[in-house]
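Quick note: the coordinates plus some simple rules give every number you see, no bench work behind them. Treat the numbers as computed from the prediction; the structure is a model and nothing was measured. Counting neighbours? That spans all protein chains shown, and the Cβs are built from the backbone with ideal geometry, glycine included.
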2 protein chains.
Amino acid sequence: MPRIVDLSLPLRDGGPSYPSDPPLRIQPYRTFAAGGCNVSIVSMGTHQGTHLDAPWHFIEGGKPLDRIPLTVFYGPAVMVDLAPGGELAAKTPITPEMLAQHEAAFVSGGRVILRTGWYARFGRPEYFSDLPSLTAEAARWIADKRIALLGLDMPTPSKIAGRECHHTLLGPGAEIVIVEGLTNLHELARDFIFAGFPLNFVGLDGSPIRAVGVIPE
Amino acid sequence: MPRIVDLSLPLRDGGPSYPSDPPLRIQPYRTFAAGGCNVSIVSMGTHQGTHLDAPWHFIEGGKPLDRIPLTVFYGPAVMVDLAPGGELAAKTPITPEMLAQHEAAFVSGGRVILRTGWYARFGRPEYFSDLPSLTAEAARWIADKRIALLGLDMPTPSKIAGRECHHTLLGPGAEIVIVEGLTNLHELARDFIFAGFPLNFVGLDGSPIRAVGVIPE
């Protein structure tokens, strides 16, 4: 049996959301006492917790979720550890030079997960504000590698060039699916199978996902 | 590259929900015009569309989603086709005798997907009311096989013994995860890899999932 590592943040009523996004609400809808069984109701944004961005999140005319091949969301992935054994300091710019040390991981059509260690800050006030950030040039460097999926352990790719990074990664010619809010990356080795399928939302900009790493037997 | 078959119903604003469950609502929250990017807000029940049931859905003290090992949701599965090339008639009782013809598929710890063909009725009024239904004895027969996961192409296991079937399958000694609302089963062969992870809801009764079948190269 393969080992499966959970790479997803927990979802609880009132849990943290990106500041400009909807709150996360989870409430009982039916209960044993009223209805004979438990059914809950969930209200959340499409970029809640561990989630992915489709091009249509930032690109006018860009692909929504349901126009991305399912094969993008499942398959071999490589973890690039930018802070072995620790974490990048708050607000560290992630530059092309830092990525170039791991250039062999960035294969056309592949999946790359960047580890900064920032997921250790989940639940603290600075999680959404002081994250390590891709520079605009780093996003361009990644886009030029034509990978299919970029995974991040920060809640967004960049606070210093957020709009530009999203446009570069999701834009025409790149169309890289961005997975944000990954956790538990210390439990993975460099190579693993990534699985993180969006819910089957038609025409949407993103989806919360259950991202996992599969370690074959 | 493996082939991936989408086994999940589409999720659209106002789409069908089980009659006693919350409605499915999907609305824009931010847009290019107001906010610079697209973010949507979703409200739905935990048993919306293609979804899975944890024991806590029907069993007091039963396991919620986050106490089920992730390995249950991913791995080899066998499709049992109860209506090769067609579909069972509306309201057909599914009996132990019908299942016993496929007894070899029901292996302890395994995953079994029952195909009735009922998913062709998705979107029609009868989808939620006239489905083929497990008898209480069929649920007992399945529970005794100690499989880990039972997948169904109906929206619920039974209209003739719904409460009893849920209690038997989810109850102590069985604790079989039930996946409901599968579709596109005609695109699968008998053997495939099932993947259908719940969102990382803490303490909940169920979750919408993106269920897929992976056909190795």
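Residues that are surrounded by 23 or more Cβ atoms within 10 Å (Cβ to Cβ) and within 21 Å of the chain's Cα centre (by Cα): which strands (runs of 3 or more DSSP E) entirely in region B:1-63 hold 2 or more of them?
On the way: elements: B:3-6, B:25-30, B:39-45, B:51-53.
In region B:1-63, the matching strands (runs of 3 or more DSSP E) lie at B:39-45, B:51-53.
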State which residue is farthest from the other protein chains (Cβ to nearest Cβ) when the search covers only region A:86-116 and only residues that are within 16 Å of the chain's Cα centre (by Cα) and of a type outside the set (S, T, Y). A:L114
Checking the structure you have, find out if any residue of region A:158-165 is out of contact with any Lys or Arg (no Cβ under 6 Å at 6 or more places or on another chain), within 18 Å of A:D21 (Cβ to Cβ) and in a loop (DSSP other than H, G, I, E, B). yes
Can you tell me which residues in region B:34-58 are within 9 Å of chain A (Cβ to nearest Cβ) and farther than 16 Å from B:I209 by Cα? B:G35, B:G36, B:C37, B:N38, B:V39, B:S40, B:I41, B:W56, B:F58
Here the residues within region B:99-116 that are touching a residue at least 40 places away in the same chain (Cβ under 8 Å), under 21 Å from B:F73 (Cα atoms) and surrounded by fewer than 19 Cβ atoms within 10 Å (Cβ to Cβ) are B:V107
Return the residues of region B:122-165 that are under 28 Å from B:D13 (Cα atoms), small (G, A, S) and within 14 Å of chain A (Cβ to nearest Cβ); say none if nothing qualifies. B:G123, B:S158, B:G162
Exactly one condition in (1) over 19 Å from A:M44 (Cα atoms); (2) more than 9 Å from chain A (Cβ to nearest Cβ); (3) in contact (Cβ under 8 Å) with a residue 24 or more places away in the chain is not met by B:F73; state its number. (2)
Yes or no: A:Y119 within 14 Å of chain B (Cβ to nearest Cβ), buried (at least 18 other Cβ atoms within 10 Å of the Cβ), closer than 16 Å to A:G151 by Cα and touching a Pro at 6+ places or on another chain (Cβ under 8 Å)? no
Taking B:A83, is it more than 13 Å from chain A (Cβ to nearest Cβ), under 14 Å from the mean Cα position of the chain (by Cα) and hydrophobic (A, V, I, L, M, F, W, C)? no
Could you look through region A:1-24, keep only residues that are among the small types (G, A, S) and facing chain B (nearest Cβ under 9 Å), and pick out the one that is farthest from A:I209 (Cα to Cα)? A:S20
Of a type outside the set (S, T, Y) and touching a Pro at 6+ places or on another chain (Cβ under 8 Å), is that true of A:G86? no
